[in-house]
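Reviewing the structure listed below.
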Amino acid sequence: MRLCAWYLYGEKHRGYALNPVANFHLQNGSVLWRINWMGDTSPRGIGAACGMMVNYRYFLEETASNSALYLASKQVRASEQVLALVAQFQQNSKL
């Protein structure tokens, strides 16, 4: 879960989210909201994402500002749950 959070939040290509689905949602103003362990237990979900599923949440009154923030300064808006996982990854990582 920590590695997944870091991948979605911290891994970048030219400053934008490396994952194309994350990049799509973030460009459109979403918040990286929740990572669900075993949220997709289908064979495809297990093979592609180890069964993890990610929720992106759109707060309608914030989508324009979130999108502008991401596009201009490449900052990812994320929930406390995701940020806590990112912090745990960074604390334990040798990267």
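The values are calculated or read from the model by the stated rules, or taken from the named source; none is laboratory data. Just so you know, these numbers come straight off a predicted model, no measurement behind them. Note that we place each Cβ from the backbone using ideal geometry, even for glycine, and neighbour counts take in every protein chain shown. These accessible areas exclude ligands, DNA and RNA; they are computed on the full protein's heavy atoms, side chains included. Shrake-Rupley method; radii C 1.70, N 1.55, O 1.52, S 1.80 Å.
Based solely on its DSSP helices, what 222 nm [θ] is calculated for the chain when runs of n ≥ 4 H residues each add -39,500 (n - 2.57) and the sum is averaged over all residues, nearest 500 deg cm²/dmol? Numbers along the way, then the final one.
On the way: 5 runs with 47 residues, N = 95.
After summing the helix terms and dividing by residue count, I get -14000 deg cm²/dmol.
Based on Cβ point charges of +1 for Lys and Arg and -1 for Asp and Glu, what charge dipole magnitude is obtained for the chain about its Cα centre, in debye rounded to the nearest 20?
Charge dipole of the chain: 260 debye, to the nearest 20.
Hey, any idea what % of segment 1-91's accessible area is carbon plus sulfur with a 1.4 Å probe?
Ligands and nucleic acids excluded, carbon and sulfur give 56 percent.
According to the square roots a ≥ b ≥ c of the eigenvalues of the Cα gyration tensor, what is the shape class of segment 1-91, taking rounded for a/c under 1.5, prolate for a/b larger than b/c otherwise, and oblate for the remainder?
Because a/c hits 1.5 or more and a/b exceeds b/c, segment 1-91 counts as prolate.
In whole Hz, what ³J(HN,Hα) sequence does segment 8-15 give by Karplus (6.51, -1.76, 1.60; θ = phi - 60°), x for Gly and Pro?
Calculated HN-Hα couplings, in order: 6, 8, x, 7, 10, 10, 6, x Hz.
How much length is gained if the chain between Asn36 and Ser65 is pulled fully straight, taking 0.36 nm per residue apart and subtracting their Cα-Cα distance, in nm to one decimal? Intermediate results must be reported in sequence, preceding the final value.
Details: separation 29, 0.36 × 29 = 10.44 nm, distance 2.62 nm.
Full-extension gain reported as 7.8 nm.
Taking θ = phi - 60°, what integer Hz values does the Karplus form 6.51 cos²θ - 1.76 cosθ + 1.60 yield along segment 63-80, in sequence order, with x for Gly and Pro?
4, 5, 5, 5, 4, 4, 4, 5, 5, 7, 10, 6, 8, 9, 7, 9, 6, 4
Keeping every protein chain present and rolling a 1.4 Å probe, give me the accessible area per residue for segment 1-91 in Å².
On a per-residue basis, 61 Å².
Please report the net charge: other residues with Cβ closer than 14 Å to the Cβ of Gly10, K and R +1, D and E -1.
In short, +3.
Residue-wise, which Karplus ³J(HN,Hα) couplings in Hz belong to segment 31-45, taking 6.51 cos²θ - 1.76 cosθ + 1.60, θ = phi - 60°, and x for glycine or proline?
Each residue of segment 31-45 in turn: 10, 5, 9, 8, 10, 10, 5, 6, x, 9, 9, 5, x, 5, x Hz.
With a 10 Å radius around each residue's Cβ, average the other Cβ atoms per peptide and rank 40-48, 66-74, highest first.
Put in order of decreasing packing, that is 66-74, 40-48.
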